[in-house]
Amino acid sequence: MAKCQECQKNEVYIHFGEDRLCLDCFNEIMANELGVEAESYPEGVTLRDGKGEVHHFRLRKRLDPMGIVMEAEEQASGGYHFQVFGDLHGDQGELFLQLISKAERGMAEMYVEARKFSNGQSSLSMKKDRMAGRIEWNPLDEDVPVLVVDGKSYAWKEIGKMLMSYEGFQVKLEMVDPSEEVRWSEREEKD
Ligand SMILES: [Zn+2]
């Protein structure tokens, strides 16, 4: 991993003009420019998903002229990733709490159900006829992305297979900015 050009210590996080900087050095420059300090926050958190499974997150805070970005990225690659965006002069402790509750809400519903059959075969299906996730670059095939759902990466073909049982149905596809929240319209819960 490339080292920060400023401190020669931490790994590179961002390209800033000609420089490649770590998050700390980047925030220091921003703090001088913007007159806002990045207050301290935990390095990481551990949260449970809707199934009770444990997920370890790395936390980051970035000062930006537009505001403060806080991210929780799961340490396991291709896992959950949550982001919140707050006012530059807002309450940073509150922003941290917003991030944690967003992550908890984002992990509450599990969308994919894996079934194993007695003959050893398995299949994936959508638990409640709906799915939300994150679009990620696919290192194995540059033409199609992978979708990260329930903190796991699914190949485009696997997603397609899950849709096979809905032949003839309509589908709604909506892109949601990382700083916003996936919301479902109210409707009766299905059994
Ligand atoms: Zn640095």
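The values are calculated or read from the model by the stated rules, or taken from the named source; none is laboratory data. It should be emphasised that the depicted structure is a prediction, and the values quoted were computed from it without experimental measurement. A quick note on method: Cβ atoms are made from the backbone with ideal geometry, for glycine too, and the neighbour counts reach across all protein chains shown.
If Ser118 satisfies every condition in (1) over 30 Å from Leu163 (Cβ atoms); (2) of a type in the set (Ser, Thr, Tyr); (3) more than 20 Å from the chain's Cα centre (by Cα) but one, which is the exception?
All conditions pass for Ser118, except number (1).
Each row is one residue, and each column tells you yes or no for (1) farther than 26 Å from Ile100 by Cβ; (2) under 22 Å from the mean Cα position of the chain (by Cα); (3) of a type outside the set (Lys, Arg); (4) assigned by TED's automatic domain parsing to the domain that holds Lys127.
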position	(1), (2), (3), (4)
Pro139	yes, yes, yes, yes
Pro145	yes, yes, yes, yes
Val148	no, yes, yes, yes
Glu158	yes, yes, yes, yes
Lys172	yes, yes, no, no
Glu186	no, no, yes, no
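Name every residue in region 100-144 that is assigned to a loop (DSSP other than H, G, I, E, B) and in contact with a helix residue (DSSP H, G or I) (Cβ under 7 Å, 6 or more places away or on another chain), in order of residue number.
Here is the first cut: in region 100-144, the residues assigned to a loop (DSSP other than H, G, I, E, B) are 109-111, 117-121, 127-133, 137-144.
Val144, the sole residue that qualifies.
Consider Ala103 against the criteria (1) crowded, with 18+ Cβ neighbours inside 10 Å; (2) more than 20 Å from Asp150 (Cα to Cα): it satisfies all of them except one. Which criterion is unmet?
For Ala103, the exception is condition (2).
Among the residues of region 46-61, is there at least one that is within 16 Å of the ligand (Cβ to nearest atom), surrounded by 13 or more Cβ atoms within 10 Å (Cβ to Cβ) and at pLDDT 95 or above?
Residues of region 46-61 within 16 Å of the ligand (Cβ to nearest atom): 60-61.
Remaining after also requiring surrounded by 13 or more Cβ atoms within 10 Å (Cβ to Cβ): 60-61.
Checking which are at pLDDT 95 or above leaves us with 60-61.
Yes, there is a match, as at least one residue in region 46-61 is within 16 Å of the ligand (Cβ to nearest atom), surrounded by 13 or more Cβ atoms within 10 Å (Cβ to Cβ) and at pLDDT 95 or above.
Residues of region 164-179 being at pLDDT below 95 and surrounded by 11 or more Cβ atoms within 10 Å (Cβ to Cβ), which ones?
Ser165, Pro178, Ser179
Identify, from the list Gln92, Gln5, the residue that is more than 16 Å from the chain's Cα centre (by Cα) and either crowded, with 18+ Cβ neighbours inside 10 Å or in the same structural domain as Leu147 (by TED's automatic domain parsing) (or both). Reasoning before the result, please.
On the way: Gln5 fails: either crowded, with 18+ Cβ neighbours inside 10 Å or in the same structural domain as Leu147 (by TED's automatic domain parsing) (or both).
When all the criteria are applied, what remains is Gln92.
Could you check region 18-27 and list, in sequence order, the residues that are within 9 Å of the ligand (Cβ to nearest atom) and surrounded by fewer than 17 Cβ atoms within 10 Å (Cβ to Cβ)?
Asp24
With respect to the numbered conditions (1) within 11 Å of the ligand (Cβ to nearest atom); (2) surrounded by fewer than 17 Cβ atoms within 10 Å (Cβ to Cβ), which one is the sole condition not fulfilled by His15?
The single condition His15 does not satisfy is (1).
Please name all residue pairs, on different chains or six or more residues apart, with Cβ atoms under 6 Å, provided the first residue is in region 9-34 and is closer than 16 Å to Asp64 by Cα and the second residue is assigned to a loop (DSSP other than H, G, I, E, B) and more than 13 Å from the ligand (Cβ to nearest atom).
Asn27/Ala38; Ala31/Glu37
Please verify whether Gly35 is more than 16 Å from the ligand (Cβ to nearest atom) and either under 19 Å from the mean Cα position of the chain (by Cα) or surrounded by 15 or more Cβ atoms within 10 Å (Cβ to Cβ) (or both), treating the condition exactly as stated.
Numbers: more than 16 Å from the ligand (Cβ to nearest atom): yes; either under 19 Å from the mean Cα position of the chain (by Cα) or surrounded by 15 or more Cβ atoms within 10 Å (Cβ to Cβ) (or both): no.
Judged against the criteria, Gly35 is not a match.
All but one of (1) touching a residue at least 60 places away in the same chain (Cβ under 8 Å); (2) under 21 Å from Ile100 (Cβ atoms); (3) not aromatic (Phe, Trp, Tyr) hold for Asp64; which doesn't?
(1)
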